[in-house]
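So the structure is just underneath, and the comments pick up after that.
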Amino acid sequence: MEDCRSPEQGPKREAEIARYPFHRRPPWILSILFAVQHVLVQTALLQTVHCLLIDALPSDQIARQHGYQFMATSLFASGISTLLQTTLGSRLPLVQASSFEYLIPALTLVTSPIETNSTLHNGTDAALLCEGAQCPETDLTLQMWKSTLCEVRGAVIVSGILQVSLGFSGLQGLVSRHCGPMVLAPMLSIIGLSCYKEVANFSSSHWGVTALLVLLVVLLSQHLRSCHVPVFSWKRSKGFVVETYFPLFRIFSLLLPILFMWILCGLLQEGNVLNPYHPGAPRGILRSNGTGLVPWFNMPIPGEWGAPTINVRSTYIGVVMALGTSIGSLGSYMMCAKVIGCQHPPSDAANRGIFLEGVGSCIGALLGGITTTSSSVPGVGALALTQAESRHSIQIAAVLCILLGMSTKLMYLLTTIPAAVHGGVLSVTYTMAVSVGVSYFQYTNIDSGRNIFIIGFTMFMALLTPHWFIRNPDYIVTGIKSVDIFLLALFMMPVIQGGILAFLLDNTVTGTLEERGFVAHFPSFKSEPKDLTNIYQLPNALQRYLWVKPFPLCNLCPSSEPTDEHMAEGQEIKNLLPTPEVLASGEGAGGVNCSRFTMDPSGTEV
């Protein structure tokens, strides 16, 4: 398509307005619009996860009446977690939300029969769970779904505690240093491909709506990405003059289609032209008698929906949740760094990120939420599509999430977005994970037989095994029900299998540095301008206290002031199985030890 820009616009001016990088603070009106765009993308993921989880609950009709309240609580906790993450955590412009990595173990727990527990049927618990005049008819059903959700929240707390431990111990940062292109490429591709069934399920409510939204996003973000709208200013001497050119279509390539389709679907439904719900479509999570029963303000209160239940089942499922969300979050960190064009996060940033994600999950579960908080893959996909990467707008989005979480009526309004619109949003954002994963192959020797085997074997097995266990859930029978649930949830997670397989194979199968992709232009090695290397720098108020590494926080604090030399230290890569020859020489074709392989800021091997 022909470029729409003014002929007076030069290359330098074009570079200035091409994107809104993370270190640049856009005008307030733009920051607010960017924040609204991120909230709408986050709502798509949040409503999808809640709808699928509530559909699997016993007596989901009762749970659906409170679905918007669960979503409001989760959105409130996500806002708190996003503020913590962008201020004290990894510092990347990442929105925190629930994830599909959490959904599979949660569904496994919800759909498994509840083990007999005498405390569920005694008079004390029945009195606590009894609500309203209809209590005698619904008491047992109410007990079932409330006890199930309490068990889910217990698993979320276990997951959060394990994530806090991963960051506190430094294990997350240690693993991230061993994740090269041959680990990141299949892992990100699997993250993007693993949710296609759920997205297709929501899109099937009305394929026309989904197709039109995807068409609009592609048109604005790709075909019209070079079109810039002139911005005029008034000067007394010259009148109206063009001050700059504004890439309106690209930076709002998600906001405009979502709002347009939301309004269009609302108008068609009012005229009885469009009915997005049919017998084969997923049902909406709301079943209420109207917005009159929904309060404007409802602050999440700890214990409102019962105390989290931590037992053997919830502990095992929490372990699987922690593994899945930690691998997914690590992939989100690398993906976000690749999208915004900076180095991969150092070990301390990765440790702080997963540490605060665990804190956010615990806060959400204690407030009554039924989901974890982790780095949002659709959020990173939105950054890749719009190139509006400002951290300031992400923090405003976090404040909006907190405000929306305290107003259940506004949350009720967001849940009126049709399911087909959510399917389209997730379709275009999750594809960015696949594309970023494929882009990591450029650093490797893709013609190497070693790499061909690792890629094919990892991706095939990560998609094959979960599919088989989903269709045969009764295959695992150990005699202990809780162990069966743990193993079933573990084998049904594509992200866990793909991430572990890729990590083990790349770090144990012999290969040269060039084969594995550790080259000078790999994001862990390349030198960046100062404003890009400082993205992981903590706020100035904390720097003077945290450059000294106290023992309890040694894995969460930067090792030294973030100069170019400090960034070069984080570029060392170590193989898991170095050979004696490599330990002696530091180089070789097999069992490569990269501890001697570093890059100075100019990109020269030393």
Ranking by accessible area, most exposed first, for Phe22, Phe355 with a 1.4 Å probe: Phe355, Phe22
Net charge of neighbours whose Cβ lies under 15 Å from the Cβ of Gly381, counting Lys and Arg as +1 and Asp and Glu as -1: +1
Segment 405-457-segment 325-373 distance, computed between alpha-carbon centres (Å): 16
Distance (nanometres) between label positions extended 7 Å along Cα→Cβ at Met299 and Gln537: 3.7
Accessible solvent surface per residue of segment 356-458, calculated while the other protein chains remain in place, 1.4 angstrom probe, Å²: 24
Charge tally in the Cβ shell below 15 Å around Met492, where Lys, Arg are +1 and Asp, Glu are -1, Met492 excluded: -2
Contour minus Cα-Cα distance for Gln222 and Trp234 (0.36 nm per residue): 1.1 nm
Rounded D (µm²/s) - segment 419-506, Kirkwood Rh over Cα pairs, Stokes-Einstein at 20 °C, 1.002 mPa s: 140
FRET efficiency estimate (nearest 0.05) - Cβ-Cβ, Asp447 to Val477, R0 41 angstrom: 0.35
Peptide ranges 395-408, 77-90 listed from the most packed, as the mean C-beta count within 10 angstrom indicates: 77-90, 395-408
Protection proxy ranking of 368-374, 329-335 - average other beta-carbon atoms within 10 Å, highest first: 368-374, 329-335
Area of His223 that stays accessible when all protein chains are in place (1.4 Å probe, Å², to 10): 100
P(r), alpha carbons of segment 141-248 - 5 Å bins starting at zero, rounded %: 2, 8, 7, 7, 10, 12, 11, 12, 11, 7, 5, 4, 2, 1, 0
Within the accessible area of segment 292-447 (1.4 Å probe), percent carbon and sulfur: 71
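The values are calculated or read from the model by the stated rules, or taken from the named source; none is laboratory data. Because the structure is predicted, anything quoted here is derived from the model rather than measured. As a convention, Cβ positions derive from the backbone with ideal geometry for all residues, glycine included, and neighbour counts pool all protein chains shown. For accessibility, only protein heavy atoms count, side chains too; no ligands or nucleic acids. Shrake-Rupley method; radii C 1.70, N 1.55, O 1.52, S 1.80 Å.
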